[in-house]
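The structure appears right after this line, and notes come after that.
Any read-out appearing in this document is the output of simple, stated calculations on the displayed coordinates, not a laboratory observation. For clarity, every value in this text was computed on a predicted model and none was experimentally measured. Quick reminder, even Gly has a Cβ in these numbers, built from the backbone with ideal geometry, and neighbours come from all protein chains shown.
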């Protein structure tokens, strides 16, 4: 009886290689879903306007910020580039959205089989002045626009941020 249970247990155990294949497939599925969501978000923005992203994110139960990040990354890298460097994860690409010539970094990361962490460290060495915001920085002061109800930065001209509330009348810009 004990021997039968041990034999069944041994049959259930996958080889290391099987686990690697399953893990790589799962990672690829995750990466593909990030790309797909980013591509869909781009289409939604074009077809229904920028404000539709929040509604879409809510409807599919994805954080709006996450969906907007996916859209940015997806818009930065065309499908040809993604396919060329398919060995790299979505996070590799995400690490390069602010870099001027990301394809050179993708090539190097691909050739040298860099992890995301290694890629980020190398980019940081090359661009030491790029810094993350400090957590103790004060958030900007904001107010709600009385016309459209959207949040606006205090101290900025309303004309710069609420252009839709102005019209040209007799050679002058008038707030509507």
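A compact table of results
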read-out: Stretch gain in nm, segment residue 19-residue 79, where the contour uses 0.36 nm per residue and the Cα spacing is subtracted; value: 18.7 nm
read-out: Estimated distance in nm for a label pair at residue 52 and residue 117, the labels positioned 7 Å out from Cα along Cα-to-Cβ; value: 4.1 nm
read-out: Approximate spin-label separation residue 142-residue 104, in nm, with each point projected 7 Å along Cα-to-Cβ; value: 3.7 nm
